[in-house]
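Please treat every number below as a calculation from the coordinates, not as lab data. Quantities reported herein were computed from a predicted structural model and do not represent experimental measurements. Note that we place each Cβ from the backbone using ideal geometry, even for glycine, and neighbour counts take in every protein chain shown.
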Amino acid sequence: MILDDLLTDDAPGVAKLTDPDAGQMPPCPCYGCAKRVPGAMPGWHLRKGPAPLLGARQRAAQLGPPDVRRWEFLEHGDHGDGRELLIPTWVDHPYRLRLRDGRWRYVAEPYELDAAAAADLAHLAANGYEVTVTAWQARHYPGHTLAVSITPEATR
Ligand SMILES: [Zn+2]
């Protein structure tokens, strides 16, 4: 373990990123999988990161219940303001990964992305986030889910 840490230059609390070519296939840390993964947490933050932005966007669009769900457990142990947060359904199997520079990368793994989801992602990209969608980084159900990675360009 120590040797592995030295080789990969991992700092404590930094998440191992998925890299199939290097044989790195870390487990999924989402609530459904309930695995403890170093440097990773299930859910997203409620008051920072993409969740408040998406909630405000949903509210502004006045979308109804069929298109969104109230997410009460995005952030473990937080049951305050989160009850009022409206989160689009593509935010499925959410988790977050601590990067080497201290930023959190927010990941959702939906089974599909529709046009509304693409518009949400464009909205995040226009508001200071790097957004990528990949199949090869999926952890929850590789081959079926897509890894939507949302990383703040600056500290947020
Ligand atoms: Zn999972």
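Rounded, prolate or oblate: pick one for the range 91-138, where a ≥ b ≥ c are the square roots of the eigenvalues of its C-alpha gyration tensor, a/c under 1.5 means rounded, and failing that, prolate if a/b is larger than b/c, else oblate. Verdict is oblate for the range 91-138.
Sorting 13-24, 37-48 by their mean Cβ neighbour count within 10 Å, with the most densely packed peptide first, gives 37-48, 13-24.
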